[in-house]
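Novice: First the structure, which I've put down as C-alpha cells, then a few questions once you've had a look.
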Amino acid sequence: MKNHTYAKRVELLQESTTIAISTLAQELKAQGQDVLSFSAGEPDFDTPEVIKDEAIRALKSGFTKYTAVAGIVELREAIQNKFLRENGLAYEKNEILVSNGAKHSLFNVFQALIDSGDEVIIPSPYWVTYPELVTFSGGKPVFVETTQESNFKITPKQLQQAITPKTKIFVLNTPSNPTGMVYTKEELEALAEVLKDTNVWVVSDEMYEKLIYGVKFTSAAAISQDMCERTITINGLSKSVAMTGWRMGYLACKDKKLVKLMDNLQSQCTSNINSITQKASIIALKGEADNDIEEMRVAFEERMRFACDAINNIQNLSVIAPQGAFYLFVNISALPQYGADSMSFCQALLKEQCVALVPGCAFGMEGFVRLSFACSLEQLEEGVSRIAKFVKTLL
C-alpha cells in the first residue's frame with residue numbers, strides 16, 4: 001500500500017498540550033538537565049494505604065474476572081451513597097456508569113448525545129479535552145470567553161446569548177481546570193434559571209470537588225429538580241484520592257435510557273474497568289480515606305498560598321488565588337515580549353530556566369499560563385525563583 005488514508009475524525013484530534021509539554025520536560029530530564037515540571041495535573045501523593053490494602057486483598061482473593069460493564073453492584077451502591085451523603089442527590093444503581101477515568105465518562109456522554117452539527121457551549125478557559133471530544137463526536141464547540149474580572153466564570157447573560165436551536169450541551173467545570181474557580185450555589189441557580197424551558201443538557205465535571213479552599217462546593221444537579229433531570233455529573237477518584245493510574249471515573253444521570261445507551265457503547269469498547277480498581281474504589285467512596293484526603297487538601301492549600309504570594313511579587317505577573325483544584329492560572333499579559341504568546345513564553349522558560357508550565361492557549365485563553373502546585377514546597381520555591389529570574393531578563 002502506497003497511498004494510506006485515515007479516518008478524518010481521528011486526524012482532527014490534537015495531542016493534549018499538557019502531555020506534550022510534560023513529554024518535552026521528560027526528554028530534557030533524560031538528557032541530564034535539572035527540569036522542574038509544573039505541567040502535569042497529577043497529585044504528588046501516593047494512593048492511601050487503606051485503598052492499596054483493599055486492592056491487595058481483592059487480588060489475593062482471585063477477584064480478577066470480568067464484571068458487569070457498568071461496575072459491580074457494591075461499587076455502584078457506594079457511589080449512590082456518596083452522592084446522597086455528600087451532595088444530597090438520590091440516584092438509582094441503573095443511573096450510574098463506571099468507566100476508565102472521567103475522560104472515558106465524557107467520551108461516552110458526547111458519543112451518546114451529539115449528532116453532526118450539534119453545538120456544545122464550553123466556557124473558556126477550558127480543560128483541553130472538552131473541545132477535542134466534541135469535535136470527534138461530530139459536534140461544534142461554541143466557546144464563551146470569560147474574564148479574570150468575572151473570576152473566569154460564565155455569566156447567565158453570556159449563557160443566554162450562546163444558546164441557539166442547535167445547542168445540545170452546556171459544559172460546566174467546577175472546581176475548574178485550569179483556573180481553580182468554584183461556582184457558588186447562587187451562581188449555579190442563576191445559570192439554572194437560564195436553562196429552564198430549554199432542551200440543553202448540562203455536563204458537570206466535578207473531579208476536584210474535594211480539593212477546595214475556603215469555599216463551599218455545590219453540585220450542579222442539586223440546584224433544582226429541573227437541573228437534576230438535565231445534568232450528567234462526571235466525577236472520579238484520580239485527583240482527590242491520588243488514584244490517577246487506577247483509572248476510575250463515573251457518571252450519574254436521571255435518564256436511564258441514556259445511561260443504558262452509554263453502557264451498550266462501553267460494552268463494545270472497553271467493557272468493565274479493572275476489577276481490582278473497583279474493589280479498592282469502594283473503600284475511598286465509603287470515606288475510609290477521608291483523613292488522607294484532608295491531609296492532601298491542607299498541603300495543597302499551603303502550597304497554593306505560598307505560590308500565589310510568590311507569583312504576585314514578580315513584576316508584571318499576577319494570579320487570582322484559586323478556590324479549588326491544584327493549579328494557578330497566571331496572568332502574563334503585561335510581559336512585553338510574550339504577553340500575547342503563551343506558547344513562546346513556555347518554550348523559552350523551559351529552554352532557559354528548565355521550568356515547565358502549560359501555555360494558556362491550550363485552554364483557549366491567551367495571556368496566561370498554568371502552573372500546577374501538585375509538588376513539594378521546595379520545588380515550588382525553586383521554580384518560582386527561576387520564573388522570577390526569567391521574567392527579570394524580559395524587563
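The values are calculated or read from the model by the stated rules, or taken from the named source; none is laboratory data. Quick caveat: nothing in here was measured; it's all calculated off a predicted structure. Cβ sites come from the backbone with ideal geometry, for glycine too, and all protein chains shown count toward neighbours. The protein model used for the area step is the full one, side chains on, heavy atoms only, and it has no ligands, DNA or RNA in it. Shrake-Rupley method; radii C 1.70, N 1.55, O 1.52, S 1.80 Å.
Novice: Using θ = phi - 60° and the Karplus form 6.51 cos²θ - 1.76 cosθ + 1.60, what ³J(HN,Hα) does each residue of segment 197-210 get, whole Hz, x for Gly and Pro?
Specialist: 6, 10, 9, 7, 6, 10, 9, 9, 8, 10, 4, 9, 4, 8
Novice: What is the spin-label model distance, in nm, from residue 340 to residue 148 if the labels are put 7 Å beyond Cα along the C-beta direction?
Specialist: My value for the distance between the label points is 1.6 nm.
Novice: While we're looking at this one, here's another question. Please name which of 329, 241, 313 has its Cα lying farthest along the dipole of segment 197-329 towards the positive end, using unit charges on Cβ (Lys, Arg +1; Asp, Glu -1) and the Cα centre as origin.
Specialist: After comparing all options, I get 241.
Novice: Mind running the shape call on segment 1-43? Use the C-alpha gyration tensor, a ≥ b ≥ c as the square roots of the eigenvalues: rounded below 1.5 for a/c, prolate if a/b tops b/c, oblate otherwise.
Specialist: Details: a/c = 5.62, a/b = 2.07, b/c = 2.71.
In terms of gyration-tensor shape, oblate.
Novice: Now a separate question. Taking loop as defined by DSSP and a crowding limit of 15 other beta carbons within 10 Å, which chymotrypsin sites (Phe, Trp or Tyr not before Pro) in segment 1-102 fit?
Specialist: On the way: sites: 6, 38, 45, 63, 66, 83, 91; in loops: 6, 38, 45, 63, 66, 91.
Passing both the DSSP loop test and the Cβ count: 6, 45, 63, 66.
Novice: Further question: For segment 197-277, what class follows from the C-alpha gyration tensor (a ≥ b ≥ c being the square roots of its eigenvalues): rounded when a/c is under 1.5, otherwise prolate if a/b is larger than b/c, else oblate?
Specialist: Working: a/c = 3.18, a/b = 1.06, b/c = 3.00.
Oblate is the answer for segment 197-277, as a/c is 1.5 or above yet b/c matches or exceeds a/b.
Novice: Also: Roughly how many whole Å is it from the C-alpha centroid of segment 281-314 to that of segment 320-381?
Specialist: So the separation of the two Cα centres works out to 20 Å.
Novice: Dipole magnitude of the chain about its Cα centre, charges +1 at Lys/Arg Cβ and -1 at Asp/Glu Cβ only, in debye to the nearest 20? Provide the component values of the computation, followed by the final result.
Specialist: Numbers: 39 positive and 47 negative charges, 197 e Å.
Dipole magnitude for the chain comes out near 940 debye.
Novice: Report, ordered by chain and residue number, the lysines lying within cross-link reach of residue 216, taken as a straight Cα distance under 21 Å and ignoring same-chain residues fewer than 8 apart.
Specialist: Correct list for residue 216: 82, 153, 185, 239, 286.
Novice: Here's something else I'd like to know. Once you keep just the Cα pairs under 8 angstrom separated by 6 or more residues, what percentage relative contact order results for the chain?
Specialist: Values: 743 pairs, mean separation 89.6, N = 395.
Result for the chain is 23 percent.
Novice: Any idea of the accessible area per residue across the chain, 1.4 Å probe, to the nearest Å²?
Specialist: Values: 17280 Å² over 395 residues.
It amounts to 44 Å² per residue over the chain.
Novice: Among the listed pairs 140/260; 166/210; 65/260; 8/65; 166/257, which have their C-alpha atoms separated by more than 28 angstrom in this model?
Specialist: 166/210; 8/65
Novice: When the accessible area of the chain is computed with all protein chains present and a 1.4 Å probe, what percentage of it is carbon and sulfur?
Specialist: Working: 8450 of 17280 Å².
So the carbon and sulfur contribution to the accessible surface is 49 percent.
Novice: Let me ask something else about it. Placing unit charges on C-beta atoms (Lys and Arg positive, Asp and Glu negative, everything else neutral), compute the dipole magnitude of segment 184-237 about its Cα centre in debye, rounded to 20. It would help to have the intermediate numbers written out before the result.
Specialist: Values: 5 positive and 10 negative charges, 37 e Å.
Rounded to the nearest 20 debye, it is 180 debye.
Novice: Put 135, 167 in order of accessible area, largest first, 1.4 Å probe: what do you get?
Specialist: Working: 135 55, 167 15 Å².
Result of the area sort, largest leading: 135, 167.
Novice: Any chance you could check the Cα centroid distance between segment 198-275 and segment 1-40 for me, in angstrom?
Specialist: Computed from Cα coordinates, the inter-centre distance equals 27 Å.
Novice: Multiplying the sequence separation of residue 190 and residue 385 by 0.36 nm and subtracting their Cα-Cα distance, what value in nm do you get?
Specialist: Values: separation 195, 0.36 × 195 = 70.20 nm, distance 4.16 nm.
That pair, residue 190 and residue 385, stretches by 66.0 nm at full extension.
Novice: For Cα extents along the principal axes in Å, one of (i) 60, 59, 54; (ii) 134, 66, 42; (iii) 62, 46, 35 was computed from the structure I shared and the rest are decoys. Which label?
Specialist: (i)
Novice: To make sure I understand the rule: partners must be lysines, Cα under 24 Å from the Cα of residue 351, and not fewer than 8 residues away in the same chain. Which ones qualify?
Specialist: 29, 389, 392
Novice: State the antiparallel share, in %, of DSSP beta bridges confined to the chain, rounding to the nearest 5.
Specialist: Working: 17 of 37 bridges.
The answer is about 45 percent antiparallel.
Novice: Would you mind getting me the FRET efficiency between residue 268 and residue 64? Use the beta-carbon distance for r and R0 = 25 Å, nearest 0.05.
Specialist: Values: r = 22 Å, r/R0 = 0.89.
E between residue 268 and residue 64, to the nearest 0.05, is 0.65.
Novice: Once phi is turned into θ = phi - 60°, what whole-Hz ³J(HN,Hα) does the Karplus curve with 6.51, -1.76 and 1.60 give for every residue of segment 164-173, x standing for Gly and Pro?
Specialist: 10, x, 8, 5, 10, 9, 10, 8, 10, 10
Novice: Tell me which DSSP H helices of the chain clear both cut-offs, 30 Å or more of axial length from alpha-carbon atoms and a mean Kyte-Doolittle hydropathy of at least -1.0.
Specialist: On the way: long enough: 290-312 (32 Å, -0.63).
For the chain, where a helix must reach 30 Å along its axis and average at least -1.0, the hits are 290-312.
Novice: Let me ask another. Sticking with the crude label model, points 7 Å out along Cα→Cβ, report the distance from residue 222 to residue 318 in nm, one decimal please.
Specialist: With each label placed 7 Å out from Cα toward Cβ, I get 3.4 nm.
Novice: While we're here: Return the FRET efficiency for the residue pair residue 5, residue 115: r is the Cβ-Cβ distance, R0 is 25 Å, and the value is rounded to the nearest 0.05. Mind showing how you got there, number by number?
Specialist: On the way: r = 24 Å, r/R0 = 0.98.
Taking R0 as 25 Å, the efficiency between residue 5 and residue 115 is 0.55.
Novice: Can you give me the long-range amide H partners of residue 341? Hydrogens built in the peptide plane at 1.01 Å from N, cutoff under 5 Å, separation of 5 or more residues or another chain.
Specialist: Here 367 satisfy the definition.
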